[in-house]
Structures are given as C-alpha cells and as structure tokens.
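Reviewing the structure listed below.
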C-alpha cells in the first residue's frame, strides 16, 4: 500500500544541514490505522507530508498503491491526492465562505460528479460523521469538533484508499478529541481505509493498530497492538 | 461548462457572494469610474469635432468649394457657371466669392485681414454668417460703401483683450479706410459686426462682390464658389456629379479644405485622451491587481490547503479570474449607467466651448474599445496575482 525506502529529507546545506528524515524505510498495509508519534522535530509530520505528496524526499523511493509517486509531475501528484488520498489538517482548514456541505463536496465536484451525485454522497458522509443536520451551516457557526468532523467528511468524500491526519485533535478539548478519534477508528473499521495519523498525545495510543515512534528523523520503534496491548515486534 | 471551469465558477461565486461586500462595492465603483473616464473625454472630443465640422460647413465653406482651374487666378464666366451649378440635382445653392488682401485703418490703427467680397443674397443661401450679426445689419446686394467686420477684427478698446491685431474696438456706424492690393483706398461705413464663435470667420471683413469688382475693374469672375448641397456626408458623390455635369474647375469638399486644421485639433486632443486612457487603465490594473492580490495573500493558507486536497492550481487561478471578470462586468455595467446619466445631462445642458455648445457624442467603437481594454486589464489583473500565489509550494502556503 505505502512503501517507503531509505527516505531522506534534508534541509539546508553543509554545516547547517538538518536531517528531518534520516533514512526511513517503512511499509504500511491496507486497512491499518497507524499512529506516528514522537516529540516535536522528530520527523513525524515530514513523513506524513511525503505520504501526502505535499513534499518530495531529498532521496529515497516512495510508492503508494504500487505507483512510484516520485515519477509523477505536479499535475499528476494533484490528481493522485484528489483520487487516492484524504488529508485532515490540525486546524480543520475549511473554506469559511462555503457551507459544511459545500466544503465536503468540493473535491467530488473536481472529479466531475454532478450536483445531484455530490449532494447524495455528501449527505451520506455527513450522516456518517453525525452532521447531516448541520450541512447548511458555515464553519464559523460550528464548534471546533464539528469543523474537524466536516474536514474528515471532506477527506472521505472521494473514497480515498488512504487518510492522512496531521494532529487532528491538536485544537480540540479532550471530549471532542475522543469523539474524533472514535469516529476515525469507526471509519477505519467500517470503510477499511488505511489511516495514518500523526499525534504527540500519549493517550491516543490506544486507538491505533500500530504505533511508529520517531526520533531525530528515524524510526525508533514500530509496534503492532490490539486493544492497547502489543501483539508482535516489528 | 467543463468540470474545471464549473468548480472554479462555483468557488468564485461563493467567495463573491459571501466575501466582503464593502470591498467588492468599492472596487466595482472604481472600475465604473475608469470606464466612464475611458469614454467621457473621447465623447467630448467627438462632440467638439462635430461642432467644428458643422461650423466649417455653416460659416466657412458650405459643402463643396469650387476653385479656379490650374494656372488660373479666377473662375471665369462665373455667372453662367453658377447658374449651371444651381440647376444640378442635389445642389441647394451656390455663392461666388472673391478673397482679397487689404489694409484696413481706423484712427491710426491698421490691420490686414482677409477681405471677402460676396453676393449677400447668394451667401445667405449657402452660409449662416448673416445669422450671427451681433450689432448693426448684414450686407445688402446694393451696398457699395458698407462693410461688415468680424468681432475679433473689430477688437476691443483695451488692446490686451484682443486675440489678433484689431481696429481697437470699432463699432457700427464708424468708418474705416480700406486700401486694396492695387493701391486704391476707399472709405467704408461699418454696417454690422459678426460674432459666429468661429475664429476664422470673426477675423475677416466682408463687402459686396459688386463693390470689389468696381475697385479691381473686373467682372463675372470669382476666386471661389461655395456650394450648399441637400445632404451632408455625400460630398464625394456630389463632386462626381458636378464633374459629370461639366464643371471643370477644381472641386474640394469641406473636409479637404479644413483637413489640416481639423487634424491638428484632433491630434492634440488625441494625445490628451491617450494619456488619460493610459492612466485610467493603469488605475484599473492596479486596483483589480491589489484587490485580487490581497485576497490571494489573505487566503494563502487556504489556497495551499485546496491544493493539498487535490484542487488543481489552474482551478484556483480560474476562480480568481472569474472574480476579476465579475468585477469587470459589474464595473462596466455601473459605469455604463453612470455614463448614460452624465451624457444625458450634458446633452440637455451642453458644455460651452469657445466655438459654441458641445454635446458629447457616444461612438459605438469607443464603447467597445473601452470594454475590450477593461476586459483585458481585468484578465491580466486577475491572472497575475493568483498565478503568483498559487505558484508557491503547498507546505510554505499552508504554514503561512
């Protein structure tokens, strides 16, 4: 599904060189719910950016769904993101002038769906995230938790094979964070999508099937778990 | 509509409908003003040209001017030629004239204006100078010791107010001495003063044709025959008709006679107009550019996120172009309404120019050119800032 090999991301040159990723090799299988954890500057967000095709590695190879994404041009990468990836940002990143429904169906419009199809799919997804009644509200009229659920719905609308979530609970209180994590977990189980989520909150660990700990641009540990208990060493 | 354009239009329409209305209204207003400015001055210039053309026909040349054949000073057998011309279909009237140099003296003040010798009755059929008498009377056919002079030539008591060397403020009833090119000097009583608002007319003096013929000892001749035709605008065809009827003298249209003067006036106005238009268009570019640029910079992070979720850069650029086009469309529409109001007002209360009242003349080409210029400007001002902002890499944009 996702296969990264010897991934390096180096900023700067010579003595001021910063190795955000220092030879990371990782393989993620279909349907996994993975937590990428670590301290600030450990390289977890950089890794997510590479998976999300928002950045290119300095060296190394990355293939997603069997496609060597390093070979794609900018337009190809945009199309890839649209069709195969769903991205959830820390600060929701909704368009304030669009209603919840419009924010959600924007990516499906780009794929050429008719307004009726968009509306139907959007209705289904907003029902899934529990916001059907709020579909005509603007982001400014919604709570942080509700906005993040809209953002998750937007990430799901094109039925991508991978959802990438960059600290989606960072701006939420504990209760809303719990709701969001449970929603993501449920979506992972019901829709079978691969989910890679960056987090630095220790209590999030129990929701993940697999936890990758990063430090100084390297993978420190990579453990599978079930119900919060380790299952096998990797 | 293609999918990309559909999404771009969707985004643009929502951003316009739910964005800052005050900024939008202000921008549209500025574009409206630019549109008015692009058309207003040229329409005034067109009005001046129309006024000048009409004055040229009514006070200087009529529609056609017949002049002596090559190597001849006078048109010979002018009475017969005039009779022939007057019978040609499409001709309303004709008026033979002499032009002569002369020195006019009044109480020691001397000047050398152009002296026209005319048949007053014929002249009334062709030109409207007789309607512009501001003091005294116009010439009569039997006048011999009478002269009519232009307002500029009559001058003012205070020399500083004169635009040409004048007679120092002479009035009707006073006498002037006129010395002709053959040395003959005669005394004339000023019968009337003309003020046509046409400088070239108001600088001249007029006596009867019979009087000049008696001074020069010639008859049945003329230096020009002015011809008034039934319609204005078909002078070329009328010239051909006159030639077909056997007129062998040189025939000029009023446009040809006034071409240099008209070209110099229009040329000067065109330069002013060009500068005005360039400034207006620069204002339009800058305003739309700034509005779109601030908009895109303000939404830099949002643009990065749109790109991150798979919205192609071209869609985002197109959405900003659509917004610029909306501003253009509303600005042009508002400008059009504003312009019509201004033009209606100025048609009812024309501007007073030295040559007379000027009403603006709206030219379709001018309007289309203004619309095309603003459209091009809007496209550029919508495209460049959105291209610049969307050119930024996604992570830099998202991080702000």
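The values are calculated or read from the model by the stated rules, or taken from the named source; none is laboratory data. Treat the numbers as computed from the prediction; the structure is a model and nothing was measured. Here Cβ is always computed from backbone atoms with ideal geometry, including for glycine, and neighbour counts include all displayed protein chains.
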Scanning segment B:295-311 for residues that are more than 9 Å from chain A (Cβ to nearest Cβ) and either over 14 Å from residue B:384 (Cβ atoms) or modelled with pLDDT of 85 or more (or both) gives B:298, B:300, B:303
Checked segment B:144-167 for anything under 17 Å from residue B:194 (Cα atoms) and modelled with pLDDT of 90 or more; matches are B:146, B:147, B:148, B:149, B:150, B:151, B:152, B:153, B:154, B:155, B:167
The helices (runs of 4 or more DSSP H) lying wholly within segment B:1-111 that contain at least 2 residues that are within 14 Å of another protein chain (Cβ to nearest Cβ) are B:3-18, B:21-55
A careful count of residues in segment A:126-137 that are crowded, with 17+ Cβ neighbours inside 10 Å and either outside any helix (DSSP H, G or I) or within 14 Å of another protein chain (Cβ to nearest Cβ) (or both) gives 3
Residue in segment A:206-227 that is part of a loop (DSSP other than H, G, I, E, B), on the phi < 0 side of the Ramachandran plot and in contact with a strand residue (DSSP E or B) (Cβ under 6 Å, 6 or more places away or on another chain) present: yes
> Has segment A:59-81 got any residue that is closer than 29 Å to residue A:109 by Cβ, facing chain B (nearest Cβ under 9 Å) and under 13 Å from the mean Cα position of the chain (by Cα)?
Replying inline: yes
Flagged in segment B:237-267 as surrounded by fewer than 12 Cβ atoms within 10 Å (Cβ to Cβ) and at pLDDT below 90, in numbering order, are B:260, B:263, B:264, B:267
**Prompt:** Does segment B:78-88 contain any residue that is in contact with a helix residue (DSSP H, G or I) (Cβ under 8 Å, 6 or more places away or on another chain), touching a residue at least 12 places away in the same chain (Cβ under 8 Å), under 16 Å from residue B:248 (Cβ atoms) and outside the structural domain of residue B:215 (by TED's automatic domain parsing)?
**Reply:** no
Within segment B:51-65, of all residues that are under 14 Å from the mean Cα position of the chain (by Cα) and touching a residue at least 40 places away in the same chain (Cβ under 8 Å), the one surrounded by the fewest Cβ atoms within 10 Å (Cβ to Cβ) is B:53
The residue that is farthest from residue A:207 (Cα to Cα), considering only those in segment A:1-16 that are touching a strand residue (DSSP E or B) at 6+ places or on another chain (Cβ under 6 Å) and in a loop (DSSP other than H, G, I, E, B), is A:12
Counting only residues in segment A:43-58 that are assigned to a loop (DSSP other than H, G, I, E, B) and at the interface with another protein chain (Cβ under 10 Å from one of its Cβ atoms), the one farthest from residue B:311 (Cα to Cα) is identified as A:56
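For (1) crowded, with 20+ Cβ neighbours inside 10 Å; (2) in contact with a helix residue (DSSP H, G or I) (Cβ under 7 Å, 6 or more places away or on another chain), each residue gets a yes or a no:
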position: B:31; (1), (2): yes, yes
position: B:36; (1), (2): yes, yes
position: B:49; (1), (2): no, yes
position: B:67; (1), (2): no, no
position: B:72; (1), (2): no, no
Residue B:357 vs (1) away from chain A (no Cβ under 14 Å); (2) closer than 26 Å to residue B:280 by Cα: all pass except (2)
Exactly one of A:217, A:145 is more than 14 Å from every other protein chain (Cβ to nearest Cβ), buried (at least 18 other Cβ atoms within 10 Å of the Cβ), over 26 Å from residue A:24 (Cβ atoms) and in contact (Cβ under 8 Å) with a residue 24 or more places away in the chain, and that residue is A:145
Taking segment A:85-110 and keeping only residues that are at the interface with chain B (Cβ under 9 Å from one of its Cβ atoms) and touching a strand residue (DSSP E or B) at 6+ places or on another chain (Cβ under 7 Å), one is left with A:85, A:86, A:87, A:89
Turns out the helices (runs of 4 or more DSSP H) fully within segment B:244-356 with at least 3 residues that are without any contact (Cβ under 8 Å) to a residue 40 or more places away in the chain are B:254-298, B:313-348
Of the listed residues (A:109, A:113), the one being within 20 Å of residue B:9 (Cβ to Cβ) and not in a helix (DSSP H, G or I) is A:113
